[in-house]
Every structure is written in C-alpha cells, then in structure tokens.
1. With springs only between Cα atoms under 10 Å apart, run a GNM on the chain and tell me which of Gly194, Gly125, Gly254 wobbles the most.
2. Place +1 on the Cβ of every Lys and Arg and -1 on the Cβ of every Asp and Glu in the chain, take the dipole about the Cα centre, and give the residue among Ala329, Gly258, Pro342 whose Cα lies farthest towards its positive end.
3. Could you give the length gained on full extension between Gln240 and Tyr182, defined as 0.36 nm per residue of separation minus the Cα-Cα distance, in nm?
4. For Lys271, Lys129, which order do you get if you count the other beta carbons within 10 Å of each Cβ and list the fewest first?
5. What percent antiparallel are the DSSP beta bridges of the chain, to the nearest 5?
6. Gain in length, Phe84 to Val173, computed as 0.36 nm per residue apart minus the alpha-carbon separation, to one decimal in nm?
7. Count the lysine pairs in the stretch 2-394 that are 8 or more places apart or on different chains: how many have C-alpha atoms under 19 angstrom apart?
8. Rounded to a whole number of µm²/s, how large is the Stokes-Einstein D of the chain at 4 °C and 1.567 mPa s, given Rh as the Kirkwood radius over C-alpha pairs?
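Laboratory data are not the source of any read-out in this text; all were calculated from the coordinates shown. All of these numbers come straight from a predicted model, not from anything done at the bench. Cβ coordinates were reconstructed from backbone atoms using ideal geometry, including for glycine residues, and neighbour counts include every protein chain displayed.
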Amino acid sequence: MHRLFFLAGLFATLAHAQDVPLPSPEPKPIPVASGAAGKNYLNISLDGLIAVGASTEPDVPGLETGGHDPAQRGFTVQNVEVVFDGAVDPYFRGQANVVLQVDADGNTNVELEEAYAVTTSLPKGLQVKAGQYLTEFGRINPTHPHSWDFVDQPLVSGRMFGGDGLRSVGARVSWLMPAPFYSELMLSAQNAKGETATSFGGVEGDVMFGRPLDPDDVKSMGDLLYVPRYAASFDIGDTQTMVVGASAAFGPNGTGAGADTSIYGIDALWKWKSARADKGFPFVKVQGEAMSRRYDAAATPLLPEETFDDHGGYLQAVWGIKPMWTLGARYDRVGGDVGDDPLDPAFQPRERASLEGTWYPTEYSKLRLQYAYDDRTGLKDAHSVWLQFEFLLGAHAAHKF
C-alpha cells in the first residue's frame, strides 16, 4: 500500500485538460425526420482505429491488457465505432455506440458498447442517465479508445476492470453543485456481473485470484454495483487548468455468497496552454490515476476465505510542441497479491514505459507511433512498436470535459 500512498501524493499535484484542440469546426449534424415538437435530430459518425506493429513477445494478447489494444503482430482493427447521438425531445438526449472489431482469426465481432439516455432539463443542477454505459470511474474508464493519448490503455485499467473496461446496465444521478468552480457529485447503480464487471460478479467459469466464479442473479439492492465519484476543476490564472477526482466501486463478486469487492481511485490532470496559442498549441498536459482493490473471496471446499489486495497506477505527460504535433510519455505500474495461482501472469507485478508521437493532419485523422518497454515479473522483458491510424466520418458526439 505504500506505493499507492506515494502515487496518491504525486498525482494530487496534477490536473486535467481537454483533448487536443481541433483547428476547425466539426461537420454539420445529419438531420433526421423531426418529432412533433421539431426538437428531434440525429448525428451519425464512424470512427476507425487501425494499428500495425510488432513485439518481441509473441503472445501479444497476454502482453496487452485492453480489449481495444493491438491484438497481434502485424495489423489489428482496434476499434470501429458507429455513434448515434442526438436530442430525443426537450427533456432527453440519447446516444448509442456500436463497436466492431476483427479478431486474430479474421472474424468480425459486434457489440453494443453504450446505449443510454440522459435528462437535459432537471432543476438544481441534477441529471439522470439510464441504460448501458461506461461507468464514470476515473478518467480513462469512461472514455473511448480514439480519445486516448496512447495506442493502448494503462495497465491498471486492465487489471482492475478487464479488457473492455467497467460498464454495465444501470442508472446514474449527478449533481452539479452551485459552487464558483466546477464541482460535480455522481452515483451509479449498475448490474454487477458479466464480462465487463470482472472485479465483481464476472462470468461463470472465469477465475479471479485462482478462485472460480459463479455470480448470482440480482435478488436485492445489495446485489448491485455502486460507484460514487466526485470531480472538481479550477483555473489557475489564464493559462492553466486543473481537474481532480476521487472514485470508488462497491459490489459483490462471484466467488460465493457474501463475497465483496471494493476499488478506490484518485485521478488528476493539469494543463498549460500558451496565452499566444495557435490552434491550441503549444500546450503541456499531465495526467495520472492510482487505484487500490480489496477482493474478499469466499471459502470453497478446497480453499479458505481470504482477502486479496492489489494496486496500480500510471502517470503520463503530453506536450503539444506545435500545431498538430504532440509528444508523450507514460509510466505504468501494477502489483500486489497474486492469489491462489501464483503463476497466473495476469496478476504478476508489472511495469511499462511508453513513448509516443502523434501527427494530426486534420481534425478527422491522426497517425501515432508508439514504443513500449514491458518489465514483467517471471517473464521476459518485451519491446513493442505500434503505428496507429485513425479516421473520422461524420459529426462525432462531444466528449465530456
């Protein structure tokens, strides 16, 4: 835990900024037949992420922890995302994200990543979201891969939330507080089992910390996953912005009756942008997250009741050196208990150092080159190089600040 406290103290000095600024307006939305009140419209967009590269580790899926990370040597279709976004009526806005991927065997997989509605006119700064959505925990988990600053997700995200992140069906209420700065409190309640809730119910037959999973169905409010989050943003003069946040997740896990999981996290970002910026450049932004997990496993006929603790975090910096060019560096570290299968590589302590450079020809495309060095306990070190290409068609839904 002393590593987590060290990371927490370090990350508390950091703060947030928005994504790389765009040099020109987005395309106009595509109008679809209006509703009776004339308030109904729809934006449609398609965003593609394709990577090519190689690694000294032949088992690339074992090296990369994310479901949208490069999956093999050679080419990977990381993510093709179709987004439908628009106003339902004067009271609700809706969004759906349909994701397509091509696996290592050439098969195309399709999934409904998000489909939700949010209120737009509740009083007192209140808002409600309901549907299938990425859980608002930290900064990386609720975002889509095309908005990341690196080719792959941080190691701690895969360790705590699995390859596809923490997401499920549920509802979230948020309160934008009446403060002189951005101050928002959120609380989600979601189903706690499935392949996108690996630290909780998970999927029957899967294994966590060497324990087989057999998740229960929802029988009471205590069988749900609860995720509170608080975030605040401050301007520091005219050229700096800081955002800090704290999150937690509490819910049952699939090792047996009465077994629970708790995850705690802190996150922060800081951004400086020159007062004489050209198209948003130059800028510097620094981001970090730290997480700690407590996994209480139930007793089995062969294993006693036991508690496992692990932790991890990352720290990254991106420098916008001139219009449409950025350089970045990230350091990842995860560690803690390995459970009852000490040879399971998914729970071994790991470190990763990554360097990237990105060129944005326009706001509709980018090219990113990344090198990563992985130091894995009990396994050979790995060197990886990936080149990523992104293209965007249509009017993409706006990203939350």
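1. Gly125
2. Ala329
3. Contour length minus Cα-Cα distance gives 19.4 nm.
4. Least crowded to most crowded, the residues run Lys129, Lys271.
5. The antiparallel proportion sits near 100 percent.
6. That pair, Phe84 and Val173, stretches by 29.8 nm at full extension.
7. Close lysine pairs found across the stretch 2-394: 12.
8. My calculation gives 59 µm²/s for D.
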